[in-house]
1. Name the residue, out of ILE148, ILE95, ILE113, that is surrounded by fewer than 18 Cβ atoms within 10 Å (Cβ to Cβ) and in contact (Cβ under 8 Å) with a residue 24 or more places away in the chain.
2. I need a count of the residues in segment 150-208 that are aliphatic (A, V, I, L, M), within 23 Å of TYR247 (Cα to Cα), touching a Leu at 6+ places or on another chain (Cβ under 6 Å) and at pLDDT below 95.
3. Output the residues belonging to segment 199-238 that are over 19 Å from HIS26 (Cα atoms), more than 17 Å from the chain's Cα centre (by Cα), in a helix (DSSP H, G or I) and of a type in the set (A, V, I, L, M).
4. Taking the condition buried (at least 19 other Cβ atoms within 10 Å of the Cβ), under 16 Å from GLY16 (Cα atoms) and not polar (S, T, N, Q), does ALA180 pass?
5. For segment 160-177, what are the residues that are part of a helix (DSSP H, G or I), touching a helix residue (DSSP H, G or I) at 6+ places or on another chain (Cβ under 6 Å) and surrounded by 22 or more Cβ atoms within 10 Å (Cβ to Cβ)?
6. Counting only residues that are closer than 23 Å to ILE203 by Cα and touching a residue at least 40 places away in the same chain (Cβ under 8 Å), how many does segment 6-26 have?
Amino acid sequence: MDILQAGILGLVQGLGEFLPISSSAHLVIVPWLFNWEDPGLTFDIALHIGTLIAVAIYFWKDWLQLITKGVTDSRSREGRLFWYLVLATIPGAMIGLLLEKKAETSFRNPVLIAIMLIALGIVLYWVDRKSAKKIEAENISLKTSFLIGLSQALAIIPGVSRSGITMTTGLFLGLTREGAARFSFLLSAPIIFGAAIVKVPHIIANPAVITTNFIVGMVVSCVTGIASIGFLLRYVQTKTFLPFAWYRFILGALILTIVFLK
């Protein structure tokens, strides 16, 4: 893998992690389309560290307040939200550990990815048109946060999209578009942190793997991650998720067409 490929994959991760289009799907499909070699575990770690830094930078004030209130005043609105986020992280983390091997092998199938892109696109399209959109992230209930966290477990399948499924579930349960996006982004921090931490021992055991490509991928995914978070939070204040649904339809159809032609 050269530096250009590292930069492109960093861009794909940074955008796909926070937009409802599935970063994991794009990280499989882009090398598949261009016949690039699998960048491997080390580079995957770099991309996850980059997006973790992005969400930490963008929401550092929020997380500082949430953690402080969660520890000192768990009955406050911010304190409750902190513990709701902790609870919502558990289902995705457990499913991720149980199905980690499948996620790295059999789930990385272009046909399965295409089907998941289209299927969630349909659900996102319908939910965005029909949902109530009344609840802000700060007023989320325990039940709603748990159900969003439970839905996050489906993101183990590339093409589903962690941000896509959590935002869709949030909308379905009555959150506003901005509220669903904000809760999804806050929820991403612990799950990305967990995914990165699990793989950090690999880096500690092999420090030589921190190459130029590693640094480039991490920096690009961080910068584009910050940009995509800011973009989506502004975008959903006045616009719908429908363009993302259509993007999923088109990409899914393109993948299926290529598979059929091959």
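The values are calculated or read from the model by the stated rules, or taken from the named source; none is laboratory data. All figures in this text were calculated on a predicted structure; none of them were measured in a lab. Reconstructed Cβ throughout: ideal geometry from the backbone, glycine too, with neighbour counts over all protein chains shown.
1. ILE95
2. 2
3. Answer for segment 199-238, where residues must be over 19 Å from HIS26 (Cα atoms), more than 17 Å from the chain's Cα centre (by Cα), in a helix (DSSP H, G or I) and of a type in the set (A, V, I, L, M): VAL200, ILE203, ILE204, ALA205, ALA208, VAL209, ILE215.
4. Judged against the criteria, ALA180 is not a match.
5. ARG162, SER163, GLY164, ILE165, THR166, MET167, THR168, THR169, GLY170, LEU171 - these are the residues of segment 160-177 that are part of a helix (DSSP H, G or I), touching a helix residue (DSSP H, G or I) at 6+ places or on another chain (Cβ under 6 Å) and surrounded by 22 or more Cβ atoms within 10 Å (Cβ to Cβ).
6. 10
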